[in-house]
Every structure is written in C-alpha cells, then in structure tokens.
1. Given 0.36 nm per residue, what is the gain on full extension from Val221 to Ile304 after removing their alpha carbon distance, in nm?
2. What are the ³J(HN,Hα) values, in whole Hz, obtained from phi via the Karplus relation 6.51 cos²θ - 1.76 cosθ + 1.60 with θ = phi - 60°, for each residue of region 533-540 in sequence order, with x given for Gly and Pro?
3. Give me the accessible area per residue for the chain, probe 1.4 Å, as a whole number in Å².
4. Let's test the formula: R0 of 35 Å, r as the Cβ-Cβ distance of Arg87 and Asp116. What FRET efficiency results, to the nearest 0.05?
5. What whole number of Å gives the distance from the Cα centroid of region 78-117 to the Cα centroid of region 437-463?
6. Kindly flag which residue pairs out of Lys370/Lys540; Lys423/Lys540; Lys358/Lys539; Lys321/Lys540; Lys343/Lys540 have an alpha-carbon separation exceeding 32 Å in this structure.
7. Starting at the first residue of region 172-183, write each ³J(HN,Hα) from the Karplus equation 6.51 cos²θ - 1.76 cosθ + 1.60 with θ = phi - 60°, in whole Hz, x for Gly and Pro.
8. Relative contact order for region 143-222: what percent, with Cα pairs under 8 Å and sequence separation of 6 or more?
Amino acid sequence: MSDNFNRRGQRNENSGGKNSRRNAQGRERNRKSQGRRDFSASAPSARRRVADPDRLVAFEVMQAVDNQDSYANLVLPQTIRKHRLDRRDAAFATELAYGTLRERGTYDAILSRCLDRPLEKTDPKILNALRLGAHQILGMRVPNHAALNQTVGLARGVIGAGPSTMVNAVLRRVSEKSREEWMDELTADLTDDIKRMSIEESHPVWIVRAFRQALAAHGRVPTEIQDLLAADNESPSVHLVALPGIGDLGEALDNDAVPGQLVEGSAVYSHGDLGRLESVRSGRVRAQDVGSQLVARALAGVGIEGSDQAWLDLCAGPGGKAALMGALAVERNAELVANESAKHRADLVSHALEPLPKSAFTVMTGDGRKIRENIMDADLPENIGLAVEAFGEDGDVFDRVMVDAPCSGLGALRRRPEARWRKKPGDVADLLPLQLELTQAAISVTRPGGVIAYVTCSPHPAETQNILLDVLDGGEVELLDTAAAVRSVALPGVLEGDADPGTAVPGVEPAEGQEAATTVQLWPHVHGTDAMFMALLRKK
C-alpha cells in the first residue's frame, strides 16, 4: 500500500518526521518522500482519495456479481491478475470479497440500522462499499481506523466525494459496536430460531429451514444446523486430486500441501495460486472437492458382474468427475463417453480430459435426456462404438453411468458465496423433472447388472431422497449399499461412527447380495466436503 497503513491496517515504519527538513519559513520540504500523513478518523475530508488495489479488486468482484451475474470464483482470479496483486494482497482481496459475499445478509441487517434510508433505495455501489467496510470492521482483523480510511478512499476513487462522506458516517456507526453487540441487538426480540440463525449465520430463512429438514431426512440431528451454517461460512480448503496412473502429488506436497484425510490420492492446498504448480497447469493434478472424488471413486469401485468396459458421464461439465473417472477407466482398459448439453461446458470437459489417451474417451455435446439416440451418431471410442453397432437402438450399452444431475447447488454454498443470495425456493422445484428424466435416460442405456450413480451437490430432500423414490418406483433398478461402497474407497476408519454418511431409506429393501440399501450424504461440518448426495443403483 502507498498509505501510512499496510494492508492489515498497521502503520508503516518509514512515515514520520525523522527526516523532516524545513525551510526558512518553517515549512517542510520534500514531503512526498516522507510518506503520507496519518489522518485520524475524525478528519474525513483528508482521507485517501484513491482506491487501494486489493480493496478495489474486492469491490470490482462485488460489482460483477451484482451487475453481470458473474461467479466470484471465476471473476476474482481475472481481477487479481488485472491489478497485478502480489500473493499477500491477493489473499487479502480474496478474503475480503468472499467473506463479504458470504456474510452479506448479516451486514445488510446491521447496515439497515445505520442508514437513514432503506437498503433497496441505496445506490448499489455505495451499498457494496459499505458491505466491504463492514466486513473489515466486524469480520477481519483490520483496525477500525484503517477500515474507515481505506473504504472511504475506495468510495472517493470509484464513486465520488459526496458518497464517500456518507460511507464514512455509516461505517463510523457500524464501528461503534462489536459484532457480538450487533448480534444481541438484532436478535433481541426474535423468538423464531430459524430467523435468528438466518441473521447470525447469514443464510436466507428458506435455506436454513431446508437444511434443518435435510439433516433429519439424512439421519443427522436437526440441532446440528448451527454447525452446518457456520461451516458454510468458513473459507474452504482447496482439495487436490492426482489423476490415477497419470498425475503425482509430489510437487504439491513439496509446496506445503498436506495429504488428504478422506481419500487416497488427494491433498489439501492452502498456500496461494494453484497456477504456480506445473502439475496443475498440465491437468495431471486437479482442484476437486474431496466429496466429488469420493463419489467418482465409489462408482468406479463398486463390484459388478460381467463386462466393465463402457462408462458414461451423462452430465459431465465442467469435467472434474469425468477426468477422475476417465483415468480410473484407463487403468482397467475401459473407455469413457462424457456428455454435456452446453457447448462451452463441453469444451471445459475436453480440456479436463486432455491428459488421458485420446483413444480412451469421447466428449459429446447433447441433451442427456436424448442420450440413447445421440450415441447412435456419435464418434465413440472403439469398443463402445462396436457395442452400439452390435446392439443397435434397442441395446443397453454402458456398464457404469454417472448422473451428476443439475441441481440447486445448495451443498456448495461455501465455495460459491454469492449463490445463497441468488437461489429461490422455486429453483428446486423447477429442477426436479429434469433430474428424474436424466436418471431415467441413464437407466435406459445401462445394461442389466450395470450401475448408475445418482449424484447431486445438494442435501435438499426433494432433490435427493424424493427423486430416488420416484426412480425406484419405476421398477427397473434397485438401491445398493451406497455407504459401504463409499467407505470402501475412503481411507480406513474415517467414515465410521458419527462420521458415517450412510442413511437407510425407509421401505426400500436391500438388493440381492447386499446387507443394506443406503444412500450417502456428505456434510461440510462433519466431513469437510461439499454437501454431496449419492445413491448407487443397479439395473435389474
């Protein structure tokens, strides 16, 4: 920073009067060489007039999320590069942007007590500057005077002098109370625990209610809701996976990554830009939530009788699970078809699969609900192509099928901090027919004895257990012991006891040869993963 405060609000050592030189009239000369003066919080007119680069990055991310429906995890790296932030300032900008987006609900509740107008009538730019300032004051270890000084400078630089005065006045009111004091004030008259947790943990009321119901539906205690919401607000670790037979975690481990605690071939990385690692740039090592790693490995690992050469990822974008499945398939001389409905996402899948032998996979672009007819005209891997040719349109081709269905994404709110404010209850209902139709399409191209994995990154009962029951009602598939399959690919002992992710489904009998019929629900507060759901189904 060029101010008298560094990025954490600490005074720089080179400012002050040791080298002060005065002329005959007593005025200081060469003042610029001494650094800027230290203005107090009571002198707003003398505050910074330019935006600090790391705070400017956070502000631009907030604006892009609001105005362009951007995803913070996509726009943030680009903005950091544009402003050429070093590693330390990039980390500060990341925490400021993500933390503000996650806790927007809490900060809006506080700001509504400090503004003289409704939030919806406040200029969006001013509101975003206020949110950033509030997070520095209440959610980060930035001294109040530095948070005020820098946020007012940001407002002056990107909004104007008039709004900066308002920003200063409002943030001074925010800084008069601690976070705990604000929470006491905001919740003093609330008797509804859902509304209280909504404010304290910054989640929309409908999501808090849905999560509590989901905990009960998946065999957890509903009182865990506070821990779940708190875990959603933590900065998630970056999980890595080395593609089996292709990648190696050695470079990441040499750069302070630590071995993962849930599944083989994984690591946790928390030290800067992944793009610095050549193994990541080449695609041999990938960033992938360990929950996604578990479900992909469980599908690949569950025992099946008969052929095991034709694998399908029906909804493959952006390609993380497809890359891991493809690498596992190559180790067994199997082939993978990766289908994605959107062209730009299919391009991402192609990029993710580049480290694999070209003969081992095909990427298709098409509606997954029409997979049967689409594979008839596709350029398929050799053995899958021969099978399609032999069986014709009525043939059931695939041995293992992944249906990572489009869903509400409520299980990944910690990684997509803006998502909780965009989602609506109706979004869940709108997706249910698509989820069911995709699963039915997957069943239609799976051979008898083959296995289908129904997966969502959501714990919502409507998208998980309810869809599963609808699928089972069709009579074509039976539910396997999904929990046993997941435990078999996890590191020994880590998914036992209170961490067991398995749930029995009432009224569903175990498949032949299975001890139980179970689904799996992973949780951020229990497993440190996204809230992934999985049900393994065997075609009769």
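The values are calculated or read from the model by the stated rules, or taken from the named source; none is laboratory data. What you are looking at is a predicted structure, and each value in this text was computed from that prediction instead of being measured. When we count neighbours, we look across all protein chains shown, and the Cβ atoms used for this are built from the backbone with ideal geometry, even at glycine. For the accessible areas, the whole protein counts, side chains as well, though only heavy atoms, and no ligand, DNA or RNA atoms are used. Shrake-Rupley method; radii C 1.70, N 1.55, O 1.52, S 1.80 Å.
1. Values: separation 83, 0.36 × 83 = 29.88 nm, distance 3.42 nm.
Taking Val221 through Ile304 to full extension adds about 26.5 nm, to one decimal.
2. Result, ordered by residue: 10, 8, 10, 9, 10, 10, 6, 6 Hz.
3. Ligands and nucleic acids excluded, the figure is 44 Å² per residue.
4. The formula returns an efficiency of 0.30 here.
5. Here the two parts' Cα centres lie 38 Å apart.
6. Distance filter (> 32 Å) returns Lys423/Lys540; Lys343/Lys540.
7. Running phi through 6.51 cos²θ - 1.76 cosθ + 1.60 with θ = phi - 60° gives 5, 5, 4, 6, 6, 10, 6, 4, 4, 5, 5, 4 Hz.
8. Worked out over region 143-222, it gives 15 percent.
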